[in-house]
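Some notes on the structure that comes next.
The values are calculated or read from the model by the stated rules, or taken from the named source; none is laboratory data. Just so it is clear, the model here is predicted, and its values are computed rather than measured. Using ideal geometry, Cβ is built from the backbone for each residue, glycine included, and neighbour counts are taken over all protein chains shown. In case anyone asks, the SASA skips ligands and DNA or RNA and just uses the protein heavy atoms, side chains included. Shrake-Rupley method; radii C 1.70, N 1.55, O 1.52, S 1.80 Å.
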Amino acid sequence: MGYVDEVLARVAKQNPEQAEFKQAVEEVLESLRPVIERDEEKYRKQAILERLTTPDRQLLFRVAWVDDAGQTQVNNAYRVQFNNAIGPYKGGLRLHPSVDLSIIKFLGFEQIFKNALTGLPIGGGKGGCDFDPKGKSDREIMAFCQSFMTELAKYIGADMDVPAGDIGTGAREIGYLFGQYKRLKGVYEGVLTGKGLEYGGSLARTEATGYGLLYLVDELLKDHDQSLRGKTVTVSGAGNVAIYAIKKAQELGAKVVTCSDSTGWVHDPAGIDVALLQEVKEVKRARLTEYVAKRASAKYHEGHGVWSVKADVALPCATQNELHLADAKQLVENGVLAVAEGANMPTTLEATKYLQEHGVLFVPGKAANAGGVAVSALEMSQNSERLSWTFEQTDEKLKEIMQKIYQNIKQAAKEYGYEDDFVLGANIAGFKKVATAMEAQGIY
Ligand SMILES: NC(=O)C1=CN([C@@H]2O[C@H](COP(=O)(O)OP(=O)(O)OC[C@H]3O[C@@H](n4cnc5c(N)ncnc54)[C@H](OP(=O)(O)O)[C@@H]3O)[C@@H](O)[C@H]2O)C=CC1
Ligand SMILES: O=C(O)CCC(=O)C(=O)O
């Protein structure tokens, strides 16, 4: 059995119930075959793939907090410190009822390669909790965050592990988490990113993932003699990534006609009114039905349907496994040119394969959504030098980083004879950097 197959079998045996983690590992390891095959004995001897697919450390802990009725609630929390070969562990905290070890491990594993692609010194990690922030009062959110951080604080630090936001964790949650860390440790340090601008946050971090996605798509289309101007774009999600992806796509001349949440989706053929969407989601924390109530051109549909709308470019920006094989078939039938992932692993393996086989330009999340963590790393730099950069400076750096990521993944794919296979290019480029650093640092 070849080395890649041996490690895939090992991961499957050791993690029988972790479907998302196994999916993420399969995607990466399958595309590493050409690199591993060139030097199989060296990699096998160093057990490089076993070490990469086994987290350095996995923390599982209880979070108890008191709700507004005086009832004590108990949640399960996780922080997986996956790999710190190129820098401190770095990755968000997800607050969603679906969170379990498989979800956090897949996200942490993806983060290793994504963070390497940014070109910045950050390792891979991820955390979260099965707490549902929806419908909770501000006091309940604070109580939860303070209890969560009381345990988490023992294992993180500005040079060790730097968490940030993800689904369900926005500026409000980061504020409560930061306050509790500071209170417990008595130090004022950049232990979290995505902080408020008044206490060490970076301008452009809020926008970074969505804007970065569009900077990469812009580069991809230009490289294929196309442009976003005049294109129809479909977006899923209506959270942080989706909102700023819609905003930048429209600034670049495209028309975005959809968005969605976990209960339904909006089709707005006149183009999403992003200011109204921001008011509904960011200010009022309301549902998309409220957007439709205020927008005559928009229609609300229950369930899942964004990918049935004809578009040139599709940007899944909600959550994992939200674009299935049937959606991929529909997108191809409707003549989609490019699909770029704003979310982490939103496209199933079968859907990805179908899109690639049918000539769709497909960019995986670890490259396309790396702008968020890249600006988080820029926030760490600003915290270290105790300075704040302007929006324009930070946004310009973000754009350069996304353009470089595109060029690097394209080059890596080409070098191995798989032109325009950006899944392969992203995995190979990320792997080579991390593996070289691991080799240099000896066996551990
Ligand atoms: N924030 C960041 O900087 C980065 C985020 N990402 C990834 O982007 C994606 C979106 O994150 P972000 O925008 O920050 O999160 P938000 O919490 O701001 O928004 C998430 C959006 O996705 C929808 N959603 C969440 N879970 C589900 C589900 N199970 N089914 C359908 N819809 C769902 C939410 O709908 P509802 O409100 O109904 O739950 C909401 O519209 C995630 O995959 C995240 O890991 C990647 C890189 C960086
Ligand atoms: O900003 C960060 O540190 C993490 C962002 C994140 O969680 C992600 O890239 O998926």
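Want the number for residue 414 to residue 10: 0.36 nm per residue separation, take away the alpha-carbon distance, what's left?
142.4 nm
List the residues whose amide H sits under 5 Å from the amide H of residue 125, counting only those 5 or more places along or on another chain, with H placed 1.01 Å from N in the peptide plane.
82, 90, 91
Can you put 188, 3 in order of accessible area, largest first, using a 1.4 Å probe?
Largest to smallest exposure gives the sequence 188, 3.
With θ set to phi - 60° and the Karplus curve 6.51 cos²θ - 1.76 cosθ + 1.60, what are the ³J(HN,Hα) couplings of segment 50-66 in order, to the nearest whole Hz, using x for Gly and Pro?
Listing the rounded values in order: 5, 5, 5, 9, 10, x, 4, 7, 10, 10, 10, 8, 8, 10, 10, 8, 10 Hz.
In whole Hz, what ³J(HN,Hα) sequence does segment 260-270 give by Karplus (6.51, -1.76, 1.60; θ = phi - 60°), x for Gly and Pro?
7, 9, 6, 10, x, 9, 10, 10, 10, x, 7
Tell me the accessible surface of residue 380 in square angstrom (1.4 angstrom probe, heavy atoms of protein chains only), to the nearest ten.
Surface open to solvent at residue 380 totals about 30 Å².
With +1 on the Cβ of every Lys and Arg and -1 on the Cβ of every Asp and Glu, and nothing else charged, how large is the dipole of the chain about its Cα centre, in debye rounded to the nearest 20?
760
Using the Kyte-Doolittle scale, which helices in the chain average at least -1.0 and also have C-alpha atoms spread 15 Å or more along the helix axis, with helices defined as whole DSSP H runs?
Length and hydropathy pass: 3-14, 19-38, 101-117, 138-152, 171-185, 205-223, 240-251, 371-385, 422-440.
On a straight-distance basis, which lysines could pair with residue 299 in a cross-link, Cα separation under 29 angstrom, same-chain partners fewer than 8 positions away excluded?
Once the sequence-local lysines are set aside, what remains near residue 299 is 134, 136, 231, 247, 248, 255, 281, 284, 310, 329.
Normalised by the residues of the chain, what does the relative contact order come to in percent, with Cα pairs under 8 Å and at least six apart?
15
Regarding the chain, what is the average projected area of its C-alpha convex hull, in nm²?
Details: hull surface 82.5 nm².
Mean shadow area of the hull around the Cα atoms is 20.6 nm².
About the Cα centre of segment 64-141, how large is the charge dipole given +1 on each Lys and Arg Cβ and -1 on each Asp and Glu Cβ? Please answer in debye to the nearest 20. If you can, show how the numbers build up before the last one.
Working: 9 positive and 8 negative charges, 79 e Å.
Dipole size: approximately 380 debye.
If 319, 436, 258 are ordered by their accessible area, calculated over protein heavy atoms with a 1.4 Å probe, which sequence runs from highest to lowest? Can you show the working numbers first?
Values: 319 50, 436 90, 258 0 Å².
Putting 319, 436, 258 in descending order of accessible area: 436, 319, 258.
If you roll a 1.4 Å probe over the chain with all protein chains in place, what percent of the accessible area is carbon or sulfur?
It is 49 percent, rounded to a whole number.
Which value, in Å² and to the nearest 10, is the accessible area of residue 304 when all protein chains are kept and the probe is 1.4 Å?
My reading of the accessible area for residue 304 is about 110 Å².
Quick one: ranking 268, 261 by accessible area, 1.4 Å probe, largest first, what do you get? Each step should come with its number before you reach the end.
Numbers: 268 0, 261 35 Å².
So, going from the largest accessible area down, we get 261, 268.
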